[in-house]
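Below is one structure, written out as structure tokens; comments come after it.
The values are calculated or read from the model by the stated rules, or taken from the named source; none is laboratory data. Note that the structure is predicted; figures quoted are calculated from it, not measured. Every residue, glycine as well, gets a Cβ built from its backbone with ideal geometry; the counts of neighbours run over all protein chains shown. The protein model used for the area step is the full one, side chains on, heavy atoms only, and it has no ligands, DNA or RNA in it. Shrake-Rupley method; radii C 1.70, N 1.55, O 1.52, S 1.80 Å.
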Amino acid sequence: MYLYRKINQYYVFQSSLDGDDFKKFVKDFKKILLGKSLAVVSFDYDSLKPLVAEYRRGWIYDAAEVSYFGELTRNELEHPIYANNGDEWYLFDCPSKFTPEDVFVSYSGFRLIDLTSSDLMKSVQDRFWAQTIRNDPASFILLW
């Protein structure tokens, strides 16, 4: 099952994908990823700490525990830069710093499209949108 809505200036597609589905998503939607600058805030519910080979390919890791890649290429998307779940990606049109105050995929049950409309979920969503709008990515991908 998936849900799709426009929220603020973003189109939100929400679905539960496992690692193989996300791999397929990346393959099928390369066009929206290629050429974008990537900030990985969460990788498997933790930070993505680049390996030596990833540093050699151009990855950067900063004090805020965010990993960056300057411009996504087909080659880079072939590498295992995504986990089975717990990934939080922000894509920019040009290299940009992302200042996270929170990692949202780690909130139990967090969804951008919440059918329960609980006060707690609304509060977390408001914080997500404030952080996202402040950092102004072109798009983002959250994988639970």
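Does segment 90-128 hold any residues that are part of a loop (DSSP other than H, G, I, E, B) and either touching a helix residue (DSSP H, G or I) at 6+ places or on another chain (Cβ under 6 Å) or of a type in the set (D, E, K, R) (or both), and which are they?
ASP93, LYS97, PHE98, GLU101, ASP102, TYR107, PHE110, ARG111, ASP114
Taken together, TYR90, TYR45, TYR55 contain a single residue that is within 14 Å of LEU142 (Cα to Cα) and open to solvent by 90 Å² or more (accessible area, probe 1.4 Å), which is TYR45.
For segment 121-139, the tally of residues that are open to solvent by less than 20 Å² (accessible area, probe 1.4 Å) and among the aliphatic types (A, V, I, L, M) stands at 1.
Filtered by the rule that a residue be of a type in the set (A, V, I, L, M), under 16 Å from the mean Cα position of the chain (by Cα) and at pLDDT below 90, segment 114-144 gives ILE141, LEU142, LEU143. Applying the condition of being assigned to a strand (DSSP E or B) and of a type in the set (A, V, I, L, M, F, W, C) to segment 30-89 and asking which residue is modelled with the lowest pLDDT yields PHE43.
Yes/no per residue for (1) farther than 22 Å from LYS23 by Cβ; (2) in contact with a strand residue (DSSP E or B) (Cβ under 7 Å, 6 or more places away or on another chain):
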| position | (1), (2) |
| --- | --- |
| VAL40 | no, yes |
| LYS49 | no, yes |
| ARG56 | yes, no |
| TRP59 | no, yes |
| SER67 | no, yes |
| HIS79 | no, no |
| ASP114 | yes, no |
| MET121 | yes, no |
| ASP136 | yes, no |
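The condition of being buried (at least 19 other Cβ atoms within 10 Å of the Cβ) and of a type in the set (Ser, Thr, Tyr) holds for only one of SER96, SER118, SER37, SER108, that being SER37. Tallying residues that are free of Cβ contacts under 8 Å to residues at least 40 places away in the same chain and closer than 29 Å to GLU71 by Cβ within segment 105-135 yields 4. Among the residues of segment 123-139, those that are under 15 Å from ASP102 (Cα atoms) and not aliphatic (A, V, I, L, M) comprise SER123, GLN125, ASP126, ARG127, PHE128, TRP129, GLN131, THR132, ARG134, ASN135.
Annotation note: Cβ proximity below 7 Å between a residue of segment 69-84 that is aromatic (Phe, Trp, Tyr) and a residue that is loosely packed, with under 14 Cβ neighbours inside 10 Å and at pLDDT 90 or above (sequence gap 6+ or interchain) occurs for PHE69/GLY58. Does LEU72 satisfy being within 16 Å of PHE128 (Cα to Cα), of a type outside the set (Gly, Ala, Ser) and open to solvent by less than 30 Å² (accessible area, probe 1.4 Å)? So LEU72 fails the test.
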